[in-house]
Structures are given as C-alpha cells and as structure tokens.
Amino acid sequence: MGTIFIHCQWLISMADGQAPVHDAYLKIVDDKIVEAGPWREAMIEPGSELIEAQDKLVMPGLINTHTHAAMVLFRSLADDLALDSWLKEKIWPLEEKLTPEDVYAGTRLAICEMLRSGTTAFADMYFFMDEVARAVEESGIRAVLARGLLGTGPEAEKKLEEAIETGKRWKGKAQGRITTMLGPHAPYTVPPEFLRQVVAASRHYQVPLHIHVAETRNELEEISKEYGKRPVAYLAEHGVFSRPVLLAHGVWLDEGEIAFLSRQKVVVAHNPSSNLKLASGIAPVAKMQQEDLPVSLGTDGAASNNRLDMFAEMRLASLLHKGANQDPTVLPAETVLKMGTINGAHALGLADHIGSLEAGKKADLIMIDLNQSHLTPCFNPVSLLVYAARGSDVSDVMVNGEWLVRDGKLTKWDEEEIRKAATRTAVDLVKR
C-alpha cells in the first residue's frame with residue numbers, strides 16, 4: 001500500500017473538538033491514518049504518493065447502523081403498505097423463497113449503492129450470512145453481520161446454532177473488516193425461552209445483540225397483551241440489556257425507557273426514512289439526546305426506504321426533528337454528522353478503529369466533489385454536507401487503506417454486471 005498524502009480543500013476529521021480544516025492534508029500509511037492537519041508542502045516525503053484534491057472535501061466514511069442489504073431485491077415491489085401487511089403479506093412470503101445465491105446477488109447490489117454514496121461500513125441483519133460475508137469480503141467494504149433470528153418456528157434453535165457457527169467462522173475475517181453480532185429479530189418474534197438462549201450465547205461468545213425494538217404501536221400492544229409489559233421491560237426481564245445492544249428504531253420508547261436505556265450498553269439506530277414510509281411514527285431522538293442515549297443512523301432495508309443513501313438520512317433526520325419539536329435548533333448539522341460517523345462507529349463497537357480521521361485509526365474515508373452548483377458557496381462545510389450534499393457527490397471511497405471508488409467508479413467490481421445479475425434474480429424470485 002505504501003504512503004499516501006491527500007491534499008484537499010476541506011478536511012472534516014470528526015475527531016473530538018477538531019474543527020474543519022481548510023487547505024488540509026491527510027497522511028495514510030498502509031491501512032492507517034498517521035497525520036492530519038493544515039497543508040504544508042515541505043512535509044511530502046520522497047517515494048510517497050501525493051493526491052491533489054483541492055476541489056474536494058475529505059471526511060470519514062458514513063456508517064449505516066441498520067439495514068437488510070439483500071432486501072434491495074424487493075425495491076419498489078411492496079410500497080405504500082402498513083408494516084404488518086407489508087411484512088406478513090408481501091415480504092415474508094418472498095423471503096421464504098430466498099436462496100443463498102439470491103442473497104449474494106442482492107447484497108452485492110446493495111454494497112454497490114452504499115459504496116457509491118459514501119457508506120464505508122454497515123450493520124446487516126438478514127439470512128444466509130455466509131453469502132453476505134462473501135460479498136463483503138470481495139467488495140472491500142466493512143460490515144458487522146448478524147443472522148436474523150426468529151424464535152417462533154420449529155427450527156429456531158438450529159438457526160441459533162447456525163448463527164453462532166457463522167459468526168465464529170467470519171469474525172475478524174477479510175483483513176479484519178468483518179465483525180459479528182447475534183440478531184434476535186424483535187420482541188414479538190422471539191419468545192422468552194429462546195430470548196434467554198440468545199442472550200446466553202451472546203455472553204458466552206462475547207458478541208453484541210442487534211434487535212428491532214418499539215418500532216410500531218402494534219408491537220407495544222402485542223407485547224403488552226402477551227406478557228403484560230412493554231417491549232423494553234420484556235427484554236430487560238430476560239437479560240437483553242446485560243449485553244451491548246444495537247437497538248433499531250425505538251420509535252415508541254417513553255421517557256422512562258429512554259432514561260433506563262441511557263444507563264445500559266445501548267446505541268439506538270434511528271431510521272427516519274423507513275419509519276416515515278411505513279408510518280411507524282417519529283422516534284423521540286431529541287429526548288434520547290437529552291438523556292445521553294447514543295443515537296446513530298440507518299437506512300433500514302431498501303424495501304422500506306427505498307434508498308441506501310446515508311446523506312439522505314442525515315438531512316431528513318435533522319429536518320424531521322426540527323419540525324416535530326417545532327425548534328430549529330434541534331439536531332443541528334454537527335450532531336447529525338456525528339450520528340452518521342463516530343456515533344455509528346460506537347454502535348458497531350468499532351469506535352477505536354473507525355468513525356473519525358485521526359492518527360492510529362483505519363483509513364476509512366470518502367471524498368466529496370465540491371465542484372457542484374448545489375454545493376456552492378461553502379461557508380460552513382458541515383452544514384453543506386448535511387443540508388445540501390447528496391450521495392451522488394461522492395467521488396472517491398477508501399476502506400482499510402484501499403481505494404474502492406475512484407472518480408465515481410468501483411475499482412473491484414463491474415457495476416453493470418452486478419445490476420443485471422440482481423435484476424435477473426429479483427424477477428425470477430417474484431415468479432417462483
């Protein structure tokens with residue numbers, strides 16, 4: 001890999017207390033960042049590579065903390081439905097037909113979309129995770145993988161065993177780019193005994209949990225009817241919050257639950273587009289932040305978004321909560337950018353390695369082409385990113401010190417071939 005110097009117009013490092021730097025540089029040696037700061041031409045070392053990017057902004061790669069990558073195969077297929085109908089009548093019947101090859105084709109397409117729009121790491125919960133891991137390994141992206149676990153069928157325990165074995169097989173693989181979690185789907189699909197088994201496995205194998213919680217009002221009513229308590233209390237009773245938890249959604253958390261979760265090892269993955277599209281509600285993110293409950297951002301699956309563009313999620317999150325709270329100071333640009341970067345790294349348990357551009361961390365970064373009408377002028381680069389930038393403005397992407405996108409093109413994959421293969425897969429799946 002060698003030594004690379006990037007000379008850029010703006011550097012946003014997301015290091016604690018570090019303001020954006022104009023006319024800056026980043027020094028990368030192999031897969032790690034070594035230095036960052038104001039540009040000084042005299043520091044360039046003989047034999048190193050200099051990338052002149054004075055028309056670009058360099059920042060950490062975005063981190064998508066909740067998605068179901070292969071669900072891109074269902075994009076535009078089952079729109080404008082309530083969550084229960086969407087899941088039970090449309091999505092679950094299709095998912096029963098999925099093969100490992102389908103999931104591989106869909107995940108490759110999702111990774112193309114994520115890389116092209118500036119996502120360098122994602123948390124995935126789905127099926128056939130060997131195939132997801134294979135796509136991750138080949139692409140160069142970083143991922144935290146969790147097999148989705150439903151505890152209601154006759155093969156629940158077998159699936160848990162498979163999830164454990166898959167996790168053991170892939171943890172730390174792909175030059176350390178793959179890590180793992182266990183993925184109990186949701187309180188309404190994971191009964192008590194199975195839930196306790198998942199928690200025990202999480203503790204034994206020292207892996208976090210990734211779970212949907214309080215996504216809809218129906219979930220609250222169903223759990224209250226079944227167990228006589230709200231979802232958070234149900235999960236707490238069975239030890240879930242004794243483990244690190246990536247909690248997806250949290251739309252219907254009340255103030256007491258937020259205060260409780262802020263004292264636990266929990267990070268919330270907020271999914272504004274999906275929550276709005278399915279009319280699940282608006283998560284009380286402002287209250288979460290008041291209570292110091294960490295919040296990251298996710299897209300959810302492309303079947304309920306319908307994009308995997310984290311720039312869209314950042315903008316929507318800020319605007320949505322300003323409107324919902326009737327307060328323009330809620331979720332300012334800097335806070336939202338943290339949600340998409342360093343908070344995401346905390347959510348994945350990787351904050352010591354990614355999420356900011358500072359010495360010793362992995363070289364996971366993106367470059368934004370500022371030569372755009374909608375990015376002109378630039379008085380405040382952080383505000384510009386959150387309120388004006390789009391995923392399509394990403395020109396270059398590096399993960400683990402390796403360029404995966406250069407001048408808007410994937411370096412390791414033929415994107416056209418991947419699109420065609422995914423289209424064939426999706427059409428065939430619907431016909432089965």
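The values are calculated or read from the model by the stated rules, or taken from the named source; none is laboratory data. Owing to the predicted nature of the structure, the values given are computational and were not obtained by experimental measurement. Using ideal geometry, Cβ is built from the backbone for each residue, glycine included, and neighbour counts are taken over all protein chains shown. These accessible areas exclude ligands, DNA and RNA; they are computed on the full protein's heavy atoms, side chains included. Shrake-Rupley method; radii C 1.70, N 1.55, O 1.52, S 1.80 Å.
Of note:
- Loop-resident sites, segment 138-240, for GluC sites (Glu not before Pro), counting at most 10 other Cβ within 10 Å (DSSP): Glu155
- Net charge dipole, the chain: roughly 500 debye, given to the nearest 20, about the Cα centre with Cβ charges of +1 for Lys and Arg and -1 for Asp and Glu.
- For segment 140-201, a/c is not less than 1.5, where a ≥ b ≥ c are the root eigenvalues of the C-alpha gyration tensor, and a/b tops b/c. That puts it in the prolate class.
- Only protein heavy atoms count here; on that basis, with a 1.4 Å probe, Leu253 has an accessible area of about 10 Å².
- Stretch gain in nm, segment Ala15-Glu415, where the contour uses 0.36 nm per residue and the Cα spacing is subtracted: 140.7 nm
- Only alpha carbons enter this Debye calculation for segment 354-423, each as an equal point scatterer, and the log10 of I(q)/I(0) it gives at q = 0.27, 0.28 Å⁻¹ is -1.13, -1.16.
- Shown here are the Rg and Dmax of the Cα trace of the chain, at 21.0, 70 Å.
- Accessible surface, per residue, of segment 279-415 when the full set of protein chains is kept, probe 1.4 Å, Å²: 38
- Dipole magnitude of segment 294-432, debye to nearest 20 (Cβ charges: Lys/Arg +1, Asp/Glu -1, about Cα centre): 400
- Relative contact order of the chain, taken over Cα pairs closer than 8 Å and 6 or more residues apart, is 21 percent.
- Semi-axis lengths, Å, segment 6-150, gyration tensor of Cα atoms, sqrt of 5 times eigenvalues: 40, 16, 12
- Two-site FRET efficiency, Arg196 against Glu291, from Cβ-Cβ distance with R₀ of 22 Å, rounded to 0.05: 0.20
- Its residue count N fixes a reference of 2.2 N^0.38 Å for segment 254-328, and the Cα radius of gyration divided by that reference is 1.10.
- Shape of segment 380-420, Cα gyration tensor, a/c cut at 1.5: oblate
- The share of accessible area on the chain that comes from carbon and sulfur is 49 percent, using a 1.4 angstrom probe.
- Cα-based reach from Lys171 at 16 Å (exclusive), listing aspartates and glutamates while leaving out same-chain residues under 8 positions away: Asp124, Asp130, Glu131, Glu137, Glu138, Glu161, Glu162
- For the chain, the mean residue ellipticity at 222 nm estimated from helices alone is -10500 deg cm²/dmol, where every DSSP H run of n ≥ 4 contributes -39500 (n - 2.57) and the total is divided by all residues, rounded to the nearest 500.
- For the residues Trp170, Trp86, a 1.4 Å probe over the protein chains yields an accessible-area ranking, largest first, of Trp170, Trp86.
- Compared with the dominant Cα axis of the chain, that is its longest principal axis, helix 156-170 is turned about 20°.
- Trp92-Lys322 FRET efficiency (beta carbon distance; Förster radius 35 Å; 0.05 resolution): 0.50
- Label positions at Thr329 and Val427, each projected 7 Å from the Cα along the C-beta direction, are separated by 5.6 nm.
- Calculated Rg and Dmax of segment 166-318 using C-alpha coordinates, Å: 15.5, 47
- Estimated FRET transfer efficiency when R0 is 25 angstrom, pair Glu157-Glu222 (beta carbons, to 0.05): 0.60
- Axis angle, to the nearest 10 degrees, between helix 217-227 and the longest C-alpha principal axis of the chain: 40 degrees.
- Accessible surface of Arg196 - all protein chains present, 1.4 Å probe, nearest 10 Å²: 100
- Rounded to 10°, Cα long-axis angle of helix 415-431 versus longest principal axis of the chain: 10
- Lys409 contributes an accessible area of around 140 Å² to the protein surface, as traced by a 1.4 Å probe with all chains present.
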